[in-house]
Amino acid sequence: MQFYLDFEKPLVELEQKITELREYSTDRVNFGGEIRKLEKKAEKLRKEIFSNLSRWQLTQLARHVNRPFTLDFVSHIFTDWFEVHGDRLYRDDPALVCGFARFDGEPCAVIGHQKGRDTKEKVRRNFAMPNPEGYRKALRVMKMAEQFGLPVFTFVDTPGAFPGIGAEERGQAEAIARNLREMASLKVPVIVTVTGEGGSGGALAIAVGNRVLMMEYSVYSVISPEGCAAILWKDGSKGDVAAEALKLTARDIDKLGCIIDDVIPEPLGGAHGDHAAAAAQVKIFLQKHLEELRSLSGDELVEQRYAKLRGMSFFDE
Amino acid sequence: MAWFRKSKAPIVPVETKKHIMPEGVWKKCPHCQEIVYAKEVERNLNVCPKCDYHFRISARERIALILDEDSFVEMDAKMQSVDFLEFKDSKRYRDRLKSSAKKCGCPSALISGTGTIETLPVVVAVFEFNFMGGSMGSVVGEKTTRAIERAIEDRCPCIVFSSSGGARMQESILSLMQMAKTSAALARFKEAGLPFISVLTDPTTGGVTASFAMLGDINMAEPRALIGFAGPRVIEQTIRQKLPDGFQRSEYLLEHGMVDMIVPRAEMKQRLAQILRIFTGN
């Protein structure tokens, strides 16, 4: 599917020109020189655009409809995947997928928000905004992982937990809170990767980890820039201003020094251009961090997670 | 008849006699709309004498109401926020902090400490809603966590009185992390086998509800308090429907199984003591 963000347009136009020239090339007419020149120009333009993105543009990139979603990462990184469904209490929530698979041949649990690419799928996945059932399913799977001694990989990509009447009635707040508490005491390694949008409590409810990684063009924030703008600027259309103030990009958060462990570089032009290459990078980082955690006992993992959380504050005394 | 011959006096505007009323003598109840005498409300524990509406009270008033006289010893009284993001909307964050501190007479949105309830030792953490809407940033998260850790150390129950709009936007991602930090502390508290009582007062929403406030062994609410994850306006905008009457109020949460009991302010101390005695075997 073709979808481009505004700032990608000049690049896309250039690439189209290159493709056209290639098509026109025959044995008699050779545009080789011209094509090489344009390719060089495109490369330069790409570097220029992507090294000067504003926080608002990066937010849009994090929400790109062609970005790899959890199930894309599953197919590129894991083998032997099977999905499990339902919270055993009320229903299954397609906005959050859970299952088991192998990572480098070793069994593990995988949990992640799932967006859709076309309208029908987007609606079915509720735009990756889970209801309480999603979080309760995730907790069930994490407890199972603990029972069988499997590491847990989570992939975070949600605008936030769903704000609806039913969600409130069935205890959205309780479901998130319980996950936070229970994840803190899991006796298996938990590695979190923020792949797109890290939207507030709805993201955090599967993001209490021994390691927290963010992809280069992902964002993570206490509230969406639009929501923040609506409250503090009384104007929901000022998302660009709020995004700057919230400092929500992977680089910003890395600078705070206590929240995330690594920023995973993406292919130039963003992960949406090359899922396989992006997933390969993610895999390298997951391997590294899992290796580091392997020597820790269950109790040590719990201690390490707590110490990490305990370090997350700035204040004067 | 004499009165037909009465000469017509021109209509003179009545000189407006403005009643100068000192501020704060009368209060309007936001629930029943009655004008009530402020002193009477105060005598009635800040509960409307006409309709039982519970006015929001300050953290200090709450402590005076619940803890035994002179038993409170404050912890971390000087801890204050830093503007590490240099956040600015219509006002700078550091200015908001200053004006809130002046208004509330305390440097943060939470007061914590040790004390006794009917002679039973407890650790309490109480939100100050007037301080930036009781929002939770680093300091509120840290003070709550330390309160929980102190209760583990002293092996005594912990009570948090929530009244908060949620996580504090001005500290962005770090505010979000306070939800995980406080909940992780409660995991340890639970393991220690100690009772945690969460008292939800008007209003408790967002990141505070979605962390420790919903994790009480007992969740207790004051009557008619607004309690929820998403605020009512956000929900209305998302689903484009009018919300049902009483939605997200204490009574609604009781009906849907999210709180154990609704306790009027006047009975709260006694009820807390009763629960603590049962859970601590006294």
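For the residues of A:220-227, the average number of beta carbons from a partner chain within 10 Å of their own beta carbon is 5. Computed over the stretch A:9-99, the Cα gyration tensor eigenvalues convert (square root of 5λ each) into semi-axes of 42, 19, 11 Å, ordered from largest to smallest.
Could you tell me how many degrees, from 0 to 90 and to the nearest 10, lie between the Cα long axis of helix B:172-191 and the main elongation axis, the longest principal axis, of the Cα atoms of chain B? Relative to chain B, helix B:172-191 is tipped by roughly 60 degrees.
Our Cα-only numbers for the stretch B:199-282 put the radius of gyration and Dmax at 14.3, 51 Å.
Seen against the Cα atoms of chain A and their longest principal axis, helix A:9-24 is set at about 50 degrees. Using the Cβ-Cβ distance between residue A:6 and residue A:233 with R0 = 25 Å, the FRET efficiency computed as 1/(1 + (r/R0)^6) comes to roughly 0.70. When chain A is treated as a GNM, springs tying every alpha-carbon pair under 10 Å, which of A:256, A:21, A:296 comes out with the largest mean-square fluctuation? Comparing A:256, A:21, A:296 in a Gaussian network model of chain A, the most mobile one is A:21. What the pair-distance distribution of the stretch B:138-195 shows, using all Cα-Cα distances binned every 10 Å from zero, is 24, 51, 22, 3 percent.
Which entries of B:39/B:103; A:40/B:88; A:238/B:102; A:247/B:103 show an alpha-carbon separation above 32 angstrom in the structure shown? Over 32 Å apart, Cα to Cα: A:40/B:88. Its residues counted as N, the stretch B:123-282 yields a C-alpha radius of gyration over 2.2 N^0.38 Å of 1.03.
Note on chain A: the C-alpha convex hull projects to 19.5 nm² when averaged across all orientations. The Cα-based radius of gyration and maximum Cα-Cα distance (Dmax) for the stretch A:6-52 are 12.1, 41 Å. For the residues of B:224-231, the average number of beta carbons from a partner chain within 10 Å of their own beta carbon is 5.
Result for chain A in a Gaussian network model with C-alpha springs under 10 Å: among A:164, A:116, A:33, the largest mean-square fluctuation is at A:33. With a 10 Å cut-off around each Cβ of A:77-89, the average count of Cβ atoms from other chains is 0.
Principal-axis analysis of the Cα atoms of chain B puts helix B:265-280 at an angle of about 10° to the longest axis. The eigenvalues of the Cα gyration tensor, multiplied by 5 and square-rooted, give the stretch B:37-91 an equivalent ellipsoid with semi-axes of 32, 21, 7 Å from largest to smallest. Binning the C-alpha pair distances of the stretch A:157-309 at 10 Å intervals from 0 yields a P(r) profile of 11, 33, 36, 18, 3, 0 %, listed from the shortest bin outward. Once each of the chymotrypsin sites (Phe, Trp or Tyr not before Pro) sitting in a DSSP loop with at most 16 other beta-carbon atoms within 10 Å is removed, chain A keeps A:5-89 as its longest stretch.
Considering chain B at the alpha-carbon level, its Rg and Dmax are found to be 23.0, 95 Å. For the options A:93, A:235, A:157, a Gaussian network treatment of chain A with springs between C-alpha atoms closer than 10 Å singles out A:235 as fluctuating the most. Take the Cα radius of gyration of the stretch A:64-136 and divide it by 2.2 N^0.38 Å, N being the number of residues; the result is 1.12. Computed over Cα pairs, the Kirkwood radius of the protein assembly as shown leads via Stokes-Einstein (1.306 mPa s, 10 °C) to a diffusion coefficient of 61 µm² per second.
Pairs of Cα atoms nearer than 8 Å and 6+ residues apart set the relative contact order; for the stretch A:184-231 it is 43 percent.
Relative contact order for chain B: 13 percent, from Cα pairs under 8 Å spaced at least 6 residues apart, divided by residue count. Highest-first packing order for the peptide set B:214-223, B:106-115 is B:106-115, B:214-223, based on the mean count of other beta carbon atoms within 10 Å.
Each reported figure results from applying straightforward, stated rules to the coordinates on display, with no laboratory input. All of these numbers come straight from a predicted model, not from anything done at the bench. Note that each Cβ is placed from the backbone with ideal geometry, even for glycine, and that neighbours are counted across all protein chains shown.
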